[in-house]
Each structure stands twice: as structure tokens, then as C-alpha cells.
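Participant: The structure is given below, and queries will be raised subsequently.
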Amino acid sequence: VEPKKGWQRTCKAVGIQGARIHDLRRTMGSRQAKTGAGLPVIGKNLNHKTKHDRDFARLDLDPVRSAMEKAAAMLATRDQAPKVVKLRKVGGE
């Protein structure tokens, strides 16, 4: 089913002009990248069709689901930056 008409009604109802469904895809993909998701996971989430589909087809869905949930959580917190954790050097250096 083509979602364009429903999308247009939704945008009109909330007063958004010029937004496209593809904007949501790009936003979700960029948020997943910010959370550390790899390109195969992002491609699987966005249903990309490339010559590498055979690699995506073997991808376990747990990391895909996790990346989507992390990106959605980031969006739900109004784009707050992820928490930065300082790492210690190995061997106490």
C-alpha cells in the first residue's frame, strides 16, 4: 500500500510542510550510526536492496532490532547526545 496520502494527511494535521517519508528513513539511519550500529545492520533495518543482500540475509535480527531500539530511544529523548564513557588503558598505563 502506498503511504503517501496518509503521510500527507498526517503532516497536514500536525502542521508540518515539506517533510517526506524518506526523511524519516534518513533520520533513523543516522541515529543508528550514532549509536554504533554497523552498515549491514543499518542496511537491513532500512531494507536496502544492494548486491550485498546475501550478506544482509544471513544477519541475525537481534543486532538489527537492538540498533532500531537504540535509535528510537535517542529520538524519544529529543536528540540528547549518547553518554560518553571514559575508558581505562590496559595494564594501568
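The values are calculated or read from the model by the stated rules, or taken from the named source; none is laboratory data. Computed from a predicted structure; not experimentally measured. Counting neighbours? That spans all protein chains shown, and the Cβs are built from the backbone with ideal geometry, glycine included. Accessible surface is based on the protein model in full, side chains and every heavy atom, while ligands, DNA and RNA are left aside. Shrake-Rupley method; radii C 1.70, N 1.55, O 1.52, S 1.80 Å.
Participant: Using the Karplus equation 6.51 cos²θ - 1.76 cosθ + 1.60 (θ = phi - 60°), what ³J(HN,Hα) coupling, rounded to whole Hz, does each residue of the stretch 3-12 give in order, writing x for Gly and Pro?
Facilitator: x, 4, 5, x, 4, 4, 5, 5, 4, 5
Participant: Please compare each pair in Lys49/Lys86; Lys34/Lys86; Lys4/Lys49; Lys49/Lys70; Lys12/Lys34; Lys4/Lys44 to a cut-off of 28 Å on the Cα-Cα distance and tell me which ones are over it.
Facilitator: From the list (Lys49/Lys86; Lys34/Lys86; Lys4/Lys49; Lys49/Lys70; Lys12/Lys34; Lys4/Lys44), the Cα-Cα distance tops 28 Å for Lys49/Lys86; Lys12/Lys34.
Participant: Give the peptides 22-29, 64-71, 2-9 in descending order of average Cβ contacts within 10 Å, highest first. Provide the component values of the computation, followed by the final result.
Facilitator: Values: 22-29: 13.4, 64-71: 17.6, 2-9: 10.2.
The packing order, highest mean first, is 64-71, 22-29, 2-9.
Participant: Rank these by accessible area, largest first, 1.4 Å probe: Leu46, Leu61.
Facilitator: Leu61, Leu46
Participant: Subtracting the Cα-Cα distance from 0.36 nm times the residue separation, let me have the gained length for Leu75 to Glu2 in nm, one decimal.
Facilitator: The Leu75-Glu2 span can extend by a further 23.8 nm.
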